[in-house]
Amino acid sequence: MPELYRFDKSQELYARAQSMVAGGISSQIRRAELPVPLWFERAKAGRMWDVDGNEYVDYVMGMGPNIFGHSPDFISDAVARDMRDGFIFAGQMELELEVTEMVQSTVPLKGPVRYASSGTEIDQVALRLARGYTGRPKYLKFEGHYHGWTDTVAYSVHPPLDQAGPYDSPIAVPESGGIAPGSEHDIVIAPWNDLDALKAVFEKHGSELACVLTEPILCNTNCIMPRPGYMEGMRELCDKYGVLLIFDEVITGYRVALGGAQELLGVEPDLATYAKALAGGFPLSMLIGKPEIMAVLGDGRVQHGGSFNSNVMSMSAARAGLKHILENPVRFYADLNNQGNRLMEGLKRVGREVESDLQVQGLGSTFWTNFTTKEEIFNYRDHAENVDEEKYHRFAQAMLERGVRLSTNGRWHVASSHTDADVDRTIEAAKSALQAI
Ligand SMILES: Cc1ncc(COP(=O)(O)O)c(C=O)c1O
């Protein structure tokens, strides 16, 4: 039995924070970390150190942005150098064009771009642009998909099943109090990964939809791949009804492949949003789209602003990160996926050894672990009906106590700096944690 970590100083700081920071945390998801939201001192490559002196192999990776691991020198050095000449100009700089050239040479969808700071923000730009371009009021969102925390998208991400309505015509269930009343009227909710259900939704609502907003790979629920033909079918339906197809590549962009999910799936959207891995840990998001659509943003018919858009630090980090990948993109993604696959296989193996119902699903670079007897989960309701989330939380805590930090929702993010030693230590900890729970 290994000696388990203690979290006394994190507990103290969390208690102190209660009267200073709302809820003691700055993003809701952090509250779910058990036994206590952790407080950190530093992080490097695949590891993090908390205020109690505990060392972790980290798979939260900032919830995805740290594709190279924590604080890689090639990004810190570049940002430190570039920021000496200014932080924010509220004006243009050539650096933005350098980043854009690299983006446009790698993303399959070709067209102009627009930058912002977070995934939430850029999805709002995409939605407004889709409505502005088509003149239509509604958009289609899928159950189980996450597109940020704002009123227009905070519906039916993980709705309680007793409130979610019929499978093929779900009710839009708000994720929060305080959402503007009536915002659900402009959202059509559909089950994902079911082409017949999607056809029926289009027959009913196709002519009033500005766009379909989808995660192309469902990274926010169990890391689910679309069934063969599903995304092609979605593309055809969008074309038939004059609906724009938006891929939310906030997680998948620069993670699952150089060209993101578009490249893996061979389906091209009309608009695509990027964030997380785009700037290797710095706040940068991007919309890319077909030229005729982006023209409506370009000439100001659709408005978008932001003081922090395209700031020096984020753009510098993006340039350094993309340059790093482009030195040898084939090797970069092969190594990332191989390391992730080795980890997934190791977790499955120890799951079998201890006769656990641990389920591991997804791609090498990002995947989910869960507890279910089902071999594969195919959409949100399948997940909600069959997965033991409480057991996952116990597993994540047992892993934390053994020096491995997992996200509170089940998603793992592999970084290019995760070493063989990191992976071996993780698999060993998983065996012990599974036995303990
Ligand atoms: C698919 C997807 N879209 C949008 C967002 C929102 O991004 P951000 O947290 O940067 O606002 C997230 C965040 O996890 C996401 O996973």
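Side notes on the structure shown:
- Residue check for PRO65: surrounded by 14 or more Cβ atoms within 10 Å (Cβ to Cβ) and within 16 Å of the ligand (Cβ to nearest atom): yes
- Filtering the range 342-374 to residues that are more than 19 Å from the chain's Cα centre (by Cα) and aromatic (Phe, Trp, Tyr) leaves only PHE371.
- Residues that are touching a residue at least 24 places away in the same chain (Cβ under 8 Å), closer than 20 Å to PRO226 by Cβ and over 19 Å from the mean Cα position of the chain (by Cα) do not occur anywhere in the range 407-426.
- Taking the range 375-387 as the range and being among the charged types (D, E, K, R) and within 22 Å of the chain's Cα centre (by Cα) as the test, the residues that pass are GLU376, ARG381, ASP382.
- Failed criterion for THR221 (all others in (1) crowded, with 21+ Cβ neighbours inside 10 Å; (2) closer than 17 Å to LEU127 by Cα hold): (2)
- Only one of GLY46, GLY23 that is farther than 30 Å from LEU287 by Cβ, away from the ligand (no atom under 16 Å from the Cβ) and within 20 Å of the chain's Cα centre (by Cα): GLY46
- Restricting attention to the range 102-135, the residues being more than 20 Å from the chain's Cα centre (by Cα) and surrounded by 21 or more Cβ atoms within 10 Å (Cβ to Cβ) number 3.
- Subset of the range 116-141 (residues that are within 16 Å of GLU184 (Cα to Cα) and away from the ligand (no atom under 11 Å from the Cβ)): LEU127, ARG128, ARG131, ARG136, PRO137, LYS138, TYR139, LEU140, LYS141
- Residues of the range 244-302 satisfying the condition of being more than 20 Å from TYR333 (Cβ to Cβ) and among the polar types (S, T, N, Q): THR273, SER285
Values in this text are rule-based calculations from the coordinates and carry no lab data. Everything quoted here is computed from the prediction, not taken from an experiment. For neighbour counting, all protein chains shown are included, and Cβ atoms are generated from backbone atoms with ideal geometry for every residue, glycine included.
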